[in-house]
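Okay, structure first, notes after.
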Amino acid sequence: MLKFLNILKLIFKEKTIVKSYNSDDDLEQFVSRRINSKLEVNKTQKHENELLKNLAGLRGITAIDVMVPRVDIVTVSMSDNFNDIVNQLTKANHSRVPVTGETKDDIVGIIHIKDVLANINSKKKNRIKYILKEPIFIAPSISLLDLLHEMRLKKRHMALVVDEYGGIDGLVTIEDLVEELVGEIEDEHDETSEIKIEKLNFNTIIVEARATLDFLKDKLSLDLSKFKNEEFETLGGYIISLSGRVPIKGEVIRDVKNKIEFEIINSDKRKIIKVKIKGLKLLNES
């Protein structure tokens with residue numbers, strides 16, 4: 001509860017919502033009343049109540065729930081020159097990324113593009129090591145509330161999720177945590193956030209494999225959620241579970257139970273990228 005109250009004070013530090021309470025116990029009771037209140041409130045109070053509920057909810061959400069999976073992490077190498085790093089960061093539209101040593105599990109630090117640009121003309125040997133920030137390594141089970149508290153204390157905007165053997169499982173950014181509080185933050189330069197659906201005919205579509213099962217149910221009336229488990233939550237994961245491996249481009253995977261065929265339009269060694277789905281009237285015609 002102490003971490004919750006500390007973060008609450010940080011968020012509402014200029015508001016009477018915090019300043020009018022002399023002790024953490026009083027503040028805790030106030031928060032509980034606000035979260036559970038059914039009284040009508042104005043627009044500002046409604047927003048504050050929603051923020052309080054979301055903040056309290058961070059205790060029940062873990063890093064593994066929001067992390068960017070290992071296969072999607074953009075990294076640069078200690079051996080890359082600064083011009084290459086700038087190009088990679090610009091192409092990926094990232095301001096900071098992990099830096100690897102010999103393998104992707106060997107994360108030696110975090111690098112920020114402003115530090116790269118500030119030192120791009122430096123003549124020092126191994127100059128990249130002088131601008132590295134120490135990474136934070138976290139367990140998949142850490143709550144987002146604890147993680148937010150730790151990132152604030154260590155003044156870091158990024159944390160790496162590691163498994164029991166020290167391998168990299170994923171990555172969590174401060175933006176991921178903020179989105180859990182206030183909702184998704186749309187980047188004006190981010191054109192990849194929206195799942196694209198291409199309708200070919202009444203029962204055939206092409207869709208990105210990163211589409212979640214919930215998305216397929218909501219947008220396409222295709223309900224695979226009853227087959228969802230902790231191992232996968234995307235269309236790509238579902239298809240891999242059917243085939244037992246990552247299928248190659250052009251391969252057709254048949255889902256006998258649902259009378260659907262998945263044709264792999266694009267994939268690499270680690271994941272499915274785009275899929276053609278055919279066999280049912282998937283789309284709402286309204």
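Of all residues in region 245-260, which are of a type in the set (A, V, I, L, M, F, W, C), under 19 Å from L220 (Cβ atoms) and either touching a Gly at 6+ places or on another chain (Cβ under 7 Å) or surrounded by fewer than 10 Cβ atoms within 10 Å (Cβ to Cβ) (or both)?
I260
Name the one entry in A139, A159, A92 that is surrounded by 12 or more Cβ atoms within 10 Å (Cβ to Cβ), under 30 Å from A209 (Cβ atoms), modelled with pLDDT under 90 and among the small types (G, A, S). Spell out how you get there, then give the answer.
On the way: A139 fails: modelled with pLDDT under 90; A159 fails: modelled with pLDDT under 90.
Result: A92 is the single residue among A139, A159, A92 that is surrounded by 12 or more Cβ atoms within 10 Å (Cβ to Cβ), under 30 Å from A209 (Cβ atoms), modelled with pLDDT under 90 and among the small types (G, A, S).
Just for helices (runs of 4 or more DSSP H) wholly inside region 169-286: which have at least 3 residues that are among the charged types (D, E, K, R) and at pLDDT 80 or above? Full working, then the answer.
On the way: elements: 174-182, 213-220, 235-243.
The helices (runs of 4 or more DSSP H) meeting that bar are 213-220.
With the requirement that a residue be under 19 Å from the mean Cα position of the chain (by Cα) and of a type in the set (S, T, Y), what does region 66-95 give you?
T75, S95
Where residues in region 194-209 are out of contact with any Lys or Arg (no Cβ under 7 Å at 6 or more places or on another chain) and acidic (D, E), which of them is nearest to L222 (Cα to Cα)?
The selected residue is E198.
The values are calculated or read from the model by the stated rules, or taken from the named source; none is laboratory data. What you see is a predicted model, and the numbers here were worked out from it, not measured in a lab. All Cβ positions, even for glycine, are placed from backbone atoms using ideal geometry, and neighbour counts span all protein chains on display.
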